[in-house]
Each structure stands twice: as C-alpha cells, then as structure tokens.
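**Q** What follows is a single structure, and I will ask about it in a moment.
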Amino acid sequence: MSDYLINQQRKFEDSAENYRKEGNEVFRELVRQLILVATVFLSISAFTLNSEKIVMKLYVFEKYSLVFAWITFGLSIVSGIGQFFVDYKYFGKWITAKSSIVENLYHGKISEKDLPKLIQEKQKDIPSESSTCFVYLQSFFLVFGVISLIFTMVKILFIL
C-alpha cells in the first residue's frame with residue numbers, strides 16, 4: 001500500500017477515535033448534569049416541606065405524589081451513578097485491549113503484517129461507544145419526578 005493511503009487510513013482512524021471520545025464525553029457530561037438537576041430538585045422540594053403548616057394541609061394524594069417525586073429523583077441519581085460504572089467498565093475494556101496490543105509489539109510477539117489482525121481480534125467485542133441505557137433511565141426518572149413535583153408544588157401554591 002502506498003504511503004499516501006497509509007497516511008489517509010491513519011487520519012481516518014484518528015478521526016474515528018476522536019469522535020468516539022467526544023461522543024462518550026458528551027454522555028458523561030450529560031449524566032453529571034442530570035445528577036445535579038435531580039439533586040437540586042430533591043433538595044428544593046425537601047426545604048419546601050419544612051413547614052408543618054404546609055404538610056398538614058396536603059391531601060394524601062399530594063403527599064404520595066411528593067414521595068413519588070423523591071423516589072424518582074433518587075432513582076435518577078442512582079441511574080446516573082450506574083452509568084459511571086458502565087463507562088468505567090467500557091473504558092477498562094479499551095485499556096486492556098490497547099495495552100495487550102502494545103505489550104505484544106513491545107515483546108516482539110507480533111509481526112507488522114499480523115498487526116491489523118491482532119488489532120481486530122482484540123477490539124472485535126468492544127463497541128464503539130459505551131451503553132447509554134442508564135442515561136435514558138436517568139432521564140426518564142428525572143422527567144417523571146419533575147412532573148410529579150410540579151403537580152405537588154402547584155397544589156401547595158393553591159393552599160397558601
């Protein structure tokens with residue numbers, strides 16, 4: 001293969017690596033922000049019910065709605081933490097694969113012509129991005145918590 005094609009292949013591989021990193025970074029930042037939002041809503045709603053006068057005027061349904069909001073905020077936070085573990089495991093797989101390739105190169109266990117085959121073999125079971133299932137769960141719980149909290153807060157405003 002010509003030097004030009006090899007250089008182009010490296011450019012595309014580097015670009016793909018950068019895009020994968022950026023995509024994963026966006027989701028990690030989203031998880032952090034969703035955890036912050038859930039924590040803020042949880043804290044604010046707890047301070048709202050600091051008054052015994054308000055709590056006594058709430059109907060049972062509003063109390064359940066508020067407890068439901070707290071539970072969903074808690075589940076949102078737990079889902080975000082779960083996503084951190086999923087990301088940790090994902091990046092651990094990539095580190096293991098890359099380290100294995102570098103180690104084989106360093107010890108001379110692989111030739112230059114067998115290198116692409118080794119790279120494909122080590123990376124074949126690793127997806128290009130980490131699972132986002134916990135991010136979707138986190139968002140789902142946060143949205144339902146906010147809806148429940150808004151319903152309860154509207155009722156509290158009418159009570160006051």
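**Q** Return yes when LEU75 is farther than 21 Å from GLY23 by Cβ, without any contact (Cβ under 8 Å) to a residue 40 or more places away in the chain and in a helix (DSSP H, G or I) and no when it is not.
**A** No: the conditions fail for LEU75.
**Q** Restricting to region 57-92, give me the number of residues that are of a type in the set (A, V, I, L, M) and within 15 Å of ARG28 (Cα to Cα).
**A** The qualifying residues number 4.
**Q** Still on this model: Can we say ILE77 is under 25 Å from LEU49 (Cα atoms), in contact with a Leu (Cβ under 9 Å, 6 or more places away or on another chain), β-branched (Val, Ile, Thr) and surrounded by 12 or more Cβ atoms within 10 Å (Cβ to Cβ)?
**A** Considered against the rule, which asks whether it is under 25 Å from LEU49 (Cα atoms), in contact with a Leu (Cβ under 9 Å, 6 or more places away or on another chain), β-branched (Val, Ile, Thr) and surrounded by 12 or more Cβ atoms within 10 Å (Cβ to Cβ), ILE77 comes out as yes.
**Q** Can you tell me which condition VAL67 does not meet? The list is (1) in contact with a Phe, Trp or Tyr (Cβ under 9 Å, 6 or more places away or on another chain); (2) assigned to a helix (DSSP H, G or I), and all the others hold.
**A** (1)
**Q** Then there's this: Considering only region 96-133, state which residues are among the polar types (S, T, N, Q), in a loop (DSSP other than H, G, I, E, B) and more than 24 Å from VAL26 (Cβ to Cβ).
**A** SER111
**Q** Please state which of the following conditions PHE85 fails to meet, knowing it meets all the rest: (1) modelled with pLDDT of 90 or more; (2) touching a Ser or Thr at 6+ places or on another chain (Cβ under 9 Å).
**A** It fails just one condition, (2).
The values are calculated or read from the model by the stated rules, or taken from the named source; none is laboratory data. Because the structure is predicted, anything quoted here is derived from the model rather than measured. Cβ sites come from the backbone with ideal geometry, for glycine too, and all protein chains shown count toward neighbours.
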